[in-house]
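**Q** I have a structure here, written as structure tokens, and I will follow up with some questions on it.
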Amino acid sequence: MSKPRVVLGVGGGIAAYKACELLRRLTESGHEVRVVPTASALRFVGAATWAALSGQPVATEVWDSVDEVPHVRIGKAADLVVVAPATADLLARAAHGLADDLLTNTLLTARCPVLFAPAMHTEMWEHPATRENVTTLRSRGAVVLEPASGRLTGADTGRGRLPEPAEIFDACRRLLARGAREPDLAGRHVVVSAGGTREPLDPVRYLGNRSSGKQGYALARTAAARGARVTLLAANTALPDPAGVDVVPVGTAVQLREALLKAATDADAVVMAAAVADFRPAVYAPAKIKKRDGQEPEPLALVRNPDILAEAAADRARPGQVVVGFAAETDDVLANGRAKLRRKGCDLLVVNEVGERRTFGAEDNEAVILGSDGSETPVPHGPKEALADAVWDLVAARLG
Ligand code: CTP
């Protein structure tokens, strides 16, 4: 078997020297690595180092070896492109599809998984421009690792350090394994709900929750990558539409129920990752509710919302349809999860622990997937894509 082909893009940051360690790990574990540094990366680590460590020629511009059309060939032949360190400038150029050197050309021609390992000063990482570029890249399916916290160049410390080479190497191996996977959901239709419902009180206020929708979007992206036709019911999310996914925006629990019942009629699997409000205000005030001097506020009357997951599980739109729920618990996580799985009647329940600083809005997640057959599949702390893939593995196994 031929060696997996990896392109190691190196951006112009001081952490470029750490990419030498990543390169060594990749070559020593049987990967063929082509290093494509940017011109500014070569100010930190010279071409001779990259050429010697990779055993391959090194170029930064599209003008070297033009007869071999390297700007197309290198990207098309790659099984994985990993960019480490990815500077703010490189993330911006990649997000905007610029192609002004060999690395950005390679990023545009690559059809394999792409991994960015950013490194920059905290202010640059936190700048809205960088945040948007990272969101754009993620929405297109690239994996952008979170930078680590710690000592940065000079005296400052904070978020922005290149993740450890061992961690980047692990992420590379996971992506290579995923890239080699059969499109095992090809020909399947899956429906995923994401985000959190909002139950309006008046034209300007609502009862809502803190779900970001990231886990549901990761489920949609990974299902599409595995060949499924995906309908994503997006409840109040602020995320860009994943490529190749049919996105249906919804607001309230009642709207989500309607959209789900419609989309599920021909679905092979339904995954309810959305956080659904259990209650809604009994009365919707058509005009803004005003405070009145000297008067206590009226108590807020609530009514129950439909339990969409329980309904989808009880009345499956087609035989063999796999129904998956999520449960966010703050305590007695597994016991509550088991009881909830029975109560909802679904096939799988993804249980995770939430709290003030856990899960909401984070890039990573950790969970146990409980099966109605008594199975328990722990998924260790990792990107939401990894948890999503673990869910689809179990769904695909049930679909046969
Ligand atoms: N869910 C749903 N409809 C609701 C409430 C929840 O479909 N009205 C789904 C969620 O999408 C999720 C699962 O049920 O997949 C569990 O959500 P959770 O809020 O943990 O369940 P509850 O039934 O609200 O349980 P609890 O007693 O903990 O409030």
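The values are calculated or read from the model by the stated rules, or taken from the named source; none is laboratory data. What you are looking at is a predicted structure, and each value in this text was computed from that prediction instead of being measured. Because the Cβ atoms are built from the backbone with ideal geometry, glycine has one as well, and the counts that use them run over all protein chains shown.
**Q** Restricting the search to the stretch 60-93, which residues are part of a loop (DSSP other than H, G, I, E, B) and either in contact with a Ser or Thr (Cβ under 7 Å, 6 or more places away or on another chain) or of a type in the set (Asp, Glu) (or both)?
**A** So in the stretch 60-93, the residues part of a loop (DSSP other than H, G, I, E, B) come out as 60-65, 69, 78-79, 87.
Listed by number, the residues that qualify are 60, 61, 64, 79.
**Q** Can you name every residue in the stretch 190-211 that is in contact with a Gly (Cβ under 9 Å, 6 or more places away or on another chain) and either crowded, with 21+ Cβ neighbours inside 10 Å or at pLDDT 95 or above (or both)?
**A** Narrowing the stretch 190-211 to residues in contact with a Gly (Cβ under 9 Å, 6 or more places away or on another chain): 192-200, 206, 208-211.
Across the stretch 190-211, the qualifying residues are 192, 193, 194, 195, 196, 197, 198, 199, 200, 206, 208, 211.
**Q** Could you please find all residues in the stretch 139-194 being over 15 Å from the mean Cα position of the chain (by Cα), among the charged types (D, E, K, R) and under 30 Å from residue 235 (Cα atoms)? Explain how you work it out, then say what you get.
**A** First, the residues of the stretch 139-194 that are over 15 Å from the mean Cα position of the chain (by Cα): 147-170, 172-173, 176-177, 179-191.
With among the charged types (D, E, K, R) added as a condition, the list becomes 151, 156, 159, 161, 164, 167, 170, 173, 181-182, 184, 188.
Residues satisfying the conditions are 184, 188.
**Q** If you take the residues of the stretch 212-230 that are hydroxyl-bearing (Ser, Thr, Tyr) and crowded, with 23+ Cβ neighbours inside 10 Å, which of them is modelled with the lowest pLDDT?
**A** At the first step, the residues of the stretch 212-230 found to be hydroxyl-bearing (Ser, Thr, Tyr) are 212, 217, 222.
Checking which are crowded, with 23+ Cβ neighbours inside 10 Å leaves us with 217, 222.
Details: 217: 93, 222: 88.
By that ranking, first place goes to 222.
**Q** Okay, moving on. Which of (1) within 12 Å of the ligand (Cβ to nearest atom); (2) at pLDDT below 95 does residue 365 not meet, given it meets every other one?
**A** (1)
**Q** Residue check: is residue 11 buried (at least 22 other Cβ atoms within 10 Å of the Cβ) and at pLDDT below 95? Lay out the reasoning, then the answer.
**A** Working: buried (at least 22 other Cβ atoms within 10 Å of the Cβ): yes; at pLDDT below 95: no.
The answer is no for residue 11.
**Q** How many of the residues in the stretch 288-326 are crowded, with 16+ Cβ neighbours inside 10 Å, among the hydrophobic types (A, V, I, L, M, F, W, C) and modelled with pLDDT of 95 or more?
**A** The number of residues fulfilling the criteria is 9.
**Q** Another one. Confirm whether residue 371 is crowded, with 16+ Cβ neighbours inside 10 Å, in contact with a Lys or Arg (Cβ under 9 Å, 6 or more places away or on another chain) and either among the hydrophobic types (A, V, I, L, M, F, W, C) or farther than 30 Å from residue 265 by Cβ (or both).
**A** Details: crowded, with 16+ Cβ neighbours inside 10 Å: yes; in contact with a Lys or Arg (Cβ under 9 Å, 6 or more places away or on another chain): yes; either among the hydrophobic types (A, V, I, L, M, F, W, C) or farther than 30 Å from residue 265 by Cβ (or both): no.
For residue 371, the condition - crowded, with 16+ Cβ neighbours inside 10 Å, in contact with a Lys or Arg (Cβ under 9 Å, 6 or more places away or on another chain) and either among the hydrophobic types (A, V, I, L, M, F, W, C) or farther than 30 Å from residue 265 by Cβ (or both) - is not met.
**Q** So, residue 157, is that one over 19 Å from residue 385 (Cα atoms), among the β-branched types (Val, Ile, Thr) and surrounded by fewer than 16 Cβ atoms within 10 Å (Cβ to Cβ) or not?
**A** Judged against the criteria, residue 157 is a match.
**Q** Here's another thing I want to ask about it. Determine the pairs where a residue that is farther than 21 Å from residue 394 by Cβ and touching a residue at least 40 places away in the same chain (Cβ under 8 Å), located within the stretch 296-321, has a partner that is of a type in the set (D, E, K, R) and assigned to a loop (DSSP other than H, G, I, E, B) with Cβ atoms under 6 Å apart, the partner being 6 or more residues away or on another chain.
**A** 305/278
**Q** For the stretch 119-222, which fully contained helices (runs of 4 or more DSSP H) count at least 1 residues that are of a type outside the set (Phe, Trp, Tyr) and out of contact with any strand residue (DSSP E or B) (no Cβ under 9 Å at 6 or more places or on another chain)? Spell out the reasoning first.
**A** Working: elements: 122-126, 128-139, 165-179.
In the stretch 119-222, the matching helices (runs of 4 or more DSSP H) lie at 128-139, 165-179.
**Q** Can I ask one more? Out of the residues in the stretch 287-336 that are among the acidic types (Asp, Glu) and within 16 Å of the ligand (Cβ to nearest atom), which is farthest from residue 207 (Cα to Cα)? Before the answer, list the steps.
**A** Restricting attention to the stretch 287-336, the residues satisfying the condition of being among the acidic types (Asp, Glu) are 293, 296, 298, 307, 311, 315, 329, 331-332.
Those still in the list that are within 16 Å of the ligand (Cβ to nearest atom) too: 307, 311, 315, 329, 331-332.
Details: 307: 17, 311: 23, 315: 28, 329: 19, 331: 23, 332: 26 Å.
Among those that are among the acidic types (Asp, Glu) and within 16 Å of the ligand (Cβ to nearest atom), it is 315.
**Q** Looking only at residues that are part of a strand (DSSP E or B) and out of contact with any Lys or Arg (no Cβ under 8 Å at 6 or more places or on another chain) in the stretch 265-274, which one is farthest from the ligand (Cβ to nearest atom)? Even if it seems obvious, please write down each step before you answer.
**A** As a first pass, look at the stretch 265-274 and keep what is part of a strand (DSSP E or B): 269-272.
Still in the list and also out of contact with any Lys or Arg (no Cβ under 8 Å at 6 or more places or on another chain): 270-272.
Numbers: 270: 10, 271: 8, 272: 4 Å.
My answer is 270.
**Q** When the residues of the stretch 123-151 are filtered to those that are modelled with pLDDT under 95 and of a type in the set (Ser, Thr, Tyr), which remaining residue is surrounded by the fewest Cβ atoms within 10 Å (Cβ to Cβ)?
**A** 149
**Q** Go through the residues of the stretch 351-359 one by one and say whether even a single one is within 11 Å of the ligand (Cβ to nearest atom) and surrounded by fewer than 21 Cβ atoms within 10 Å (Cβ to Cβ). Working first, answer last.
**A** As a first pass, look at the stretch 351-359 and keep what is within 11 Å of the ligand (Cβ to nearest atom): 351-352, 354.
Now narrow it down to the ones that are surrounded by fewer than 21 Cβ atoms within 10 Å (Cβ to Cβ): 352, 354.
Looking for residues that are within 11 Å of the ligand (Cβ to nearest atom) and surrounded by fewer than 21 Cβ atoms within 10 Å (Cβ to Cβ), one finds at least one in the stretch 351-359, hence yes.
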